[in-house]
Amino acid sequence: MSVVVDRLAGGPAAIAAAREGLAGLDAGELVEAHRVGQAILREVQAFLLAVTAEGTRKKAHEQTSATSMDALIAETSGITRRDAARQRQLAERLETAPVLAGQLTKPGMSTDKAQVVARAMDDLPRDLSPADRGIIERDLAEAAPGMSLEQLRRKARRAVEVVDKPRADAIEDRALTRQEQAARRRASFWMTRPDDAGMVKGGFEIDAFTGDMLRSVLESKTSPRYRGGPDSQQTEIGSADENLDQPAYPEKLGRAFCDVLRHLPKDGYGNHGGVAATLMVTVTEDALRGRTDQAGVTDHGTHVSAGQLRMIACDAGILPVVMNGDSVPLDLGRSNRLHTEKQRRALALRDGGCAFPGCDRPPSWCEAHHVRPWADGGPTSIDNGVLLCAHHHHKIHHTRWRVVINPRDRLPDFYPPGSTTPIRNTRYRPLVA
C-alpha cells in the first residue's frame, strides 16, 4: 500500500467516530462542525479530481473490470455515466487551469461552480490571446467562492467583459437570442377534460420572459394590498376579518390565474392594454435604439436580448426603464406607447389580421407593431402601425425583414432581407402602379 493511501486510510474511521458524537454538541459547536466538514469535503473533492486526472492519463481503469475511466468512476461513486464523464472532463480541464484548480478548496467553492467556470473558458472566442484568457480565468475563479451559483452563471455569460465589454455585450446577446428562440420552439401547454369534481388539470412550459409577465400579473393579484374587482369578496385592508378563511399561497395563485383568464376577453386580450400589472425591463438607451447589443434585465432578474428589448417596446404590460451610462433612470416609458382600442380596430380593418405576406392569423391574434420604432420616437398612430402575429413580430425584430407604409395607398409593404422589391399579404389589392 502506498504512502498516500496509508495517510488516507484513517480518514473514514475518524469521520465516522466524529459523527457518533454529534448529539453532544451545542448549536454553536454544530455550526463549527459543519464548517470543518465542508472544508474536508472540498479537500476530498479536489483530491478525487486530481486522482481522476492522473488515473485517466495512466488508464487506471485497465487494472479493473471497468471498460473506461468513466465506467470506473460511475461504479465506485454510484453516479451515472453522464455525471462521471462530466467529472472526468472537469478533472482534465483543471490541469490547464491552474488558477481555477487552486480555488477548489476555498470556502464557498464547489465542483458545480468549477464546472461553470470551466465551461465558460471552453466557450471563449478562439481568437483571444493567452494573456486575455488568463485574465478571464483569474477573474472568474477568484470571484466564484463569493458568489451564488446563479450569480456566477450570469457573470460567466459575460466572461469577456473584463477584457472587452462591447464584445461581451455582443456575445451575451447572441446567446440570449439563441436561448429565446429555442424556448419559443419548446413552448408547450396541456390540459385535461373536466374530472368528476369539475376540475381541469394542466401545465405548461414557457420561456423565462413570458414567465416573468405571468408572474407579475399573478403576484399583483395575490399581493396583500390587492382588493379585487367590483365582484370581489375580499375585505378591506386592515379589517378584523382579513385573516379569516385565508387560502394557502398556491390556492391564491390558482384563484388569481382563474381571475386573469376570466378577464382576458373584455380587459385586454384584443388590445393588449388591459393588464394592470406591469413588468419592468431595465435597458440602456443605446440598446433600445439599436446602437448596442447590451442585454436588458426584468425586475425578476431574467436577462433579455437586445432584439427582444426592441420588440417589447410594442407590447402592453411591459414598461422599459431607460437608463443612462451611470445606471440612472432617464425615462419610464411614454404614455402613448400602446395603440388605443380605436387605433387597433382601424388597423384590423386595414390589415385584416397579420399583415406579413402569406400569414392568415386573425386580428385577435396580433400585436400592433410600430413601423418606425417607438424607441426612436416613432408615433403611436395608424400610419405608423401594422398588425403582426407573435411569430412574424419576432421575425421583424430579429431578422433583416423590413416593413414600411406605402405613402400612395397607406398599406404596409414588406421587404425580404437584401431585397428592394416590396411584397404584400394576398389579402391586399395589388401595389399601386
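The numbers here are math on the coordinates, done by the rules we state, and not lab data. Please read these numbers as outputs of a predicted model, since none were measured by experiment. Quick reminder, even Gly has a Cβ in these numbers, built from the backbone with ideal geometry, and neighbours come from all protein chains shown.
Taking the Cα centre of the stretch 341-415 as the origin, how large is its charge dipole in debye, to the nearest 20, when only Lys and Arg (+1) and Asp and Glu (-1) carry charge on their Cβ atoms? Present the calculation step by step, with values, prior to reporting the outcome.
On the way: 11 positive and 8 negative charges, 9 e Å.
Approximately 40 debye in magnitude.
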Any residue on another chain or 5+ positions along whose placed amide H is under 5 Å from the amide H of Val386 is listed here as His369, Val371
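Mind checking the dipole of the stretch 24-95: about its Cα centre, +1 per Lys or Arg Cβ, -1 per Asp or Glu Cβ, Debye to the nearest 20?
Rounded to the nearest 20 debye, it is 420 debye.
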What is the gain in length, in nm to one decimal, between Arg154 and Thr96 on full extension, counting 0.36 nm per residue of separation less the C-alpha to C-alpha distance? 18.6 nm
Spatial separation of Cα centroids for the stretch 105-146 and the stretch 362-433, in angstrom: 45
Using the eigenvalues of the Cα gyration tensor, what equivalent ellipsoid semi-axes result for the stretch 138-196 when each is taken as the square root of five times the eigenvalue, whole Å, largest first? 36, 18, 5
Describe numerically, in nm with one decimal, the distance between label points set 7 Å from Cα along Cα→Cβ at Ile423 and at Lys106. 5.5
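May I ask for the equivalent-ellipsoid semi-axes of the stretch 341-415, computed as the square root of five times each C-alpha gyration tensor eigenvalue and listed largest first in whole Å?
Working: eigenvalues 48, 46, 31 Å².
Whole-Å semi-axes of the equivalent ellipsoid: 16, 15, 12.
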Among Ala97, Ala131, Ser148, flag the residue with its Cα farthest along the positive direction of the charge dipole of the stretch 91-155, charges on Cβ as +1 for Lys/Arg and -1 for Asp/Glu. Ser148
³J(HN,Hα) across the stretch 161-172 via Karplus (A = 6.51, B = -1.76, C = 1.60, θ = phi - 60°), whole Hz, x for Gly/Pro? 4, 5, 10, 7, 4, x, 5, 4, 4, 5, 5, 5
Per the Kirkwood formula over distinct C-alpha pairs, the hydrodynamic radius of the stretch 49-163 in angstrom is 15.0
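Can you give the relative contact order of the stretch 341-415 as a percent, counting alpha carbon pairs under 8 Å and 6+ residues apart? Could the numbers behind the result be given before it?
Working: 107 pairs, mean separation 21.1, N = 75.
Result for the stretch 341-415 is 28 percent.
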Under the Karplus curve 6.51 cos²θ - 1.76 cosθ + 1.60, θ = phi - 60°, whole-Hz ³J(HN,Hα) for the stretch 56-65, x wherever Gly or Pro sits: 5, 5, 9, 6, 4, 4, 5, 7, 10, 8
In 10 Å bins starting at 0, how do the alpha-carbon pair distances of the stretch 24-95 split up by percent? 20, 40, 20, 15, 6
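With an 8 Å Cα cut-off and a minimum separation of 6 or more residues, compute the relative contact order for the stretch 48-95 in percent. Let's see the in-between values first.
Details: 38 pairs, mean separation 19.0, N = 48.
Contact order relative to length: 40 percent.
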In this structure, the FRET efficiency calculated for Lys59 and Ser220 from their beta-carbon separation, with R0 = 51 Å, to the nearest 0.05, is 0.25
Calculate, in nm to one decimal, what Ala13 and Val51 gain on full extension: separation in residues at 0.36 nm each, minus their alpha carbon distance. 11.6 nm
Tell me the trypsin sites (Lys or Arg not before Pro) within the stretch 72-134 that lie in a loop according to DSSP and have at most 12 other beta-carbon atoms within 10 Å. Arg126
When the chain is fully extended, how far beyond the present Cα-Cα distance does Phe257 get from Arg174, taking 0.36 nm per residue of separation? 26.5 nm
